[in-house]
Amino acid sequence: MASPRRISIPSVVDKTPDGRRIGLLGGSFNPAHEGHVEISLRAMERLKLDAVWWLVSPQNPLKPVDGMAALGQRVEAARRIAGDAGILVTDIERTLQTQYTADTLAALKRRLPGLHFVWLMGADNLVAMHKWRKWGSIFRAVPVAVFARPTYSLRAESARASRRFARFRIKPYRAASLAKMRAPAWVLFKGPLNPVSASKIRDAMKLDN
């Protein structure tokens, strides 16, 4: 199969065969790191996904503009670290002209109704998800898979989003079927993950400069 980096983003997105299971991992990727790769690979394994798309955000509305690398730089850096592991790095939100996850998911579902999307996120984002615009509609739009992050697992259990959608939570042993479940449906994986974070990488880069 050709490397995702050799195919134009619109071609890959629009020509993805119906029925494929696609994980969506959104964020600033400022910068992308091996933790993002680990979540993606675990998602492909546990959820039986055909691919994971990284949605590199032009600008996260909850993060400051100061210190944010240019979109093109973040995309290229993400492609380098993603390699050829079944991960497609995209700036599709720029093409769709969406800023919020809820709007991005709605646009993707309209454009690609034959695909089975799963929203992927770390437990740290689940803890703060109630601050996201129309966050409840994300759970109602597509199934959600949450992955443990160091120090966040216990807080994720009691997060506002966890409580509101508690009755739609499934056990991890059922996760292989999550992509084709009717939303809302979600799972929390508690296994250990790489402690690396984008903020720590940026701090280290500042020290090196």
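The values are calculated or read from the model by the stated rules, or taken from the named source; none is laboratory data. Bear in mind that the values here come from a model prediction, so they are computed numbers and not experimental data. With ideal geometry, Cβ positions are generated from the backbone for all residues, glycine too; neighbour counts draw on all protein chains shown.
Things to note:
- Condition met for Val89 (in contact with a strand residue (DSSP E or B) (Cβ under 6 Å, 6 or more places away or on another chain), under 23 Å from Phe168 (Cβ atoms) and not in a helix (DSSP H, G or I)): no
- Considering the conditions (1) surrounded by fewer than 19 Cβ atoms within 10 Å (Cβ to Cβ); (2) of a type outside the set (Phe, Trp, Tyr); (3) within 14 Å of Gly26 (Cα to Cα), Gly122 is excluded by exactly one of them, (1).
- The condition (being out of contact with any His (no Cβ under 8 Å at 6 or more places or on another chain), modelled with pLDDT of 90 or more, charged (D, E, K, R) and closer than 17 Å to Ile22 by Cα) is satisfied by just one residue among Arg110, Arg74: Arg110.
- Residue in the range 103-111 that is among the small types (Gly, Ala, Ser) and either over 23 Å from Ala183 (Cβ atoms) or free of Cβ contacts under 8 Å to residues at least 60 places away in the same chain (or both) present: yes
- Filter pass, Pro58 being farther than 20 Å from Ala141 by Cα, modelled with pLDDT under 90 and surrounded by 20 or more Cβ atoms within 10 Å (Cβ to Cβ): no
- Some residue of the range 197-204 being loosely packed, with under 11 Cβ neighbours inside 10 Å, at pLDDT below 95 and in a loop (DSSP other than H, G, I, E, B): no
- The range 93-126, residues that are in a helix (DSSP H, G or I) and of a type in the set (Phe, Trp, Tyr): none
- Under the condition of being surrounded by 22 or more Cβ atoms within 10 Å (Cβ to Cβ), assigned to a helix (DSSP H, G or I) and at pLDDT 95 or above, the residues counted in the range 127-169 number 2.
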